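Quick notes on the structure that follows.
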Amino acid sequence: MNTLLQRVGTTYVPVADPKIASDWYQEMLGAVENFRNNDKAILDLANQSFFCVKAKEGERSGFLDHYGNEHFLMTFEVNGLDQLQELHSSLKSKGVSVGDIEDRGHAGNNFVFFDIDGNKFDVWSELSPVFKEKYGIE
């Protein structure tokens, strides 16, 4: 398939307080803050811009699937099972709410975690081949 879209450049995440959320993402995931005001914080995270946008109370980035289960909006990738286990252990030791590492029946393993505002994210142990090739990662 030929498409003009090349990548996802920015992700917007609803948060209660951009400063608190920015601090959390920096401490827990190594994000780098580029800008912050009362409405948003702009972070570099996972090779994209990650906007923490002040939202109405109770807003979350996920949705309910057709079974009624809360679903994550996006999956982060790490390079292999060792890095997946390292990140899982690191987040858990910092008190982040994380799910178990699981085999979902496809290549690699995954786990979910929640940010300080209750947004649910997924992590997968497999980097995409295109990303690996582009950045010379083995």
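The values are calculated or read from the model by the stated rules, or taken from the named source; none is laboratory data. Everything numeric here is computed off the predicted structure, so don't read it as measured data. All Cβ positions, even for glycine, are placed from backbone atoms using ideal geometry, and neighbour counts span all protein chains on display.
A compact table of results
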| item | result |
| --- | --- |
| Filtered residue count, the stretch 63-98, keeping only those that are of a type outside the set (S, T, N, Q), closer than 20 Å to E138 by Cα, out of contact with any helix residue (DSSP H, G or I) (no Cβ under 6 Å at 6 or more places or on another chain) and outside any helix (DSSP H, G or I) | 3 |
| Residues satisfying the stated conditions in the stretch 111-135, i.e. under 10 Å from F72 (Cβ atoms) and assigned to a strand (DSSP E or B) | V112, F113, F114, K120, F121, D122, V123 |
| Filtered residues of the stretch 116-138 (kept if β-branched (V, I, T) and free of Cβ contacts under 8 Å to residues at least 60 places away in the same chain) | V123, V130, I137 |
| Per-region count, the stretch 86-115, residues touching a residue at least 40 places away in the same chain (Cβ under 8 Å) and either aromatic (F, W, Y) or on the phi > 0 side of the Ramachandran plot (or both) | 0 |
| Checking S89 against (1) surrounded by fewer than 17 Cβ atoms within 10 Å (Cβ to Cβ); (2) within 18 Å of the chain's Cα centre (by Cα); (3) within 22 Å of V8 (Cβ to Cβ); (4) among the hydroxyl-bearing types (S, T, Y), the condition it does not meet | (3) |
| Failed item, numbered, when R60 is tested on (1) closer than 25 Å to Y12 by Cβ; (2) out of contact with any Gly (no Cβ under 6 Å at 6 or more places or on another chain) | (2) |
| Flag for F51 being closer than 22 Å to R7 by Cα, at pLDDT 95 or above and within 13 Å of the chain's Cα centre (by Cα) | yes |
| When residues of the stretch 1-31 are limited to those that are aliphatic (A, V, I, L, M) and surrounded by fewer than 12 Cβ atoms within 10 Å (Cβ to Cβ), the one nearest to the chain's Cα centre (by Cα) | V8 |
